[in-house]
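Worksheet for the structure shown next.
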Amino acid sequence: MKIKLILYWIVTGLLSLFLAFAVFNYLTKFEMVQEMLQSYNYPSYLIYVLIIGKVLGIIALLVPVKGVLKEWAYAGLFYNFILAFLVHYAANDGEGGGAVIALVLLIISYFLGKQVRPWFIRG
C-alpha cells in the first residue's frame, strides 16, 4: 500500500507540474497561444477559461478535499485533455501528444487515488 501511495503522489505531482507548465505557457506566450486558438477557430478569451480551470484543477488535485469536488476536478480535466487531443488531431498539427500524456497521468492518478485514499474520492 505504501508503494501505491508513493506512486500516487509521484503521478499526481507530475500531472500538477504538467498543468502548471501549461498555465505558465499561457501566461508568458499569450500572443502565440491566442494565435493558435484563433487558427482553430476558437475565441481568444478561452485562454482565461483554460488558465482558471487548470489552476483550480491543480488545487483540487493537491488539496485533501473530500467528496465530489475532487471527482469533478478529475472529470473536468479528463474532458479538457480529450477535447485538446481531438482539436489537435482534427487540425493535423501533430501536437496532441501532450494531451495523451496528461490523460494517461490523470487516469493513473485517479485510480491510484481511489485505492490509497478512497474517502477523498467518495465522501
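Any read-out appearing in this document is the output of simple, stated calculations on the displayed coordinates, not a laboratory observation. All values derive from a computational prediction rather than experimental measurement. We place every Cβ from the backbone using ideal geometry, glycine too, and count neighbours over all the protein chains shown.
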How high is the relative contact order of the chain, in percent, with contacts defined as C-alpha pairs under 8 Å that are six or more residues apart?
36
Could you work out the per residue convex hull volume over the alpha carbons of the stretch 10-78, in cubic angstrom?
88
Which one of ILE108, LEU56, ILE82 is farthest out on the positive end of the charge dipole of the chain, using unit charges on Cβ (Lys, Arg +1; Asp, Glu -1) and the Cα centre as origin?
ILE108
Along its principal axes, what span do the Cα atoms of the stretch 1-42 show, with the longest given first and each in whole Å?
47, 20, 8
How much length, in nm to one decimal, is gained on full extension between TYR89 and TYR45, taken as 0.36 nm per residue of separation minus their Cα-Cα distance?
13.6 nm
Gain upon complete extension [TRP9, VAL55; 0.36 nm per residue less C-alpha separation]:
14.8 nm
Straight-line reach check, LYS70, cutoff 17 Å on alpha carbons, 8 or more apart in-chain or any other chain, hits among lysines -> LYS54, LYS114
Taking Rh as the Kirkwood radius computed over alpha-carbon pairs of the chain and applying Stokes-Einstein at 20 °C with viscosity 1.002 mPa s, one gets a diffusion coefficient in µm² s⁻¹ of 142
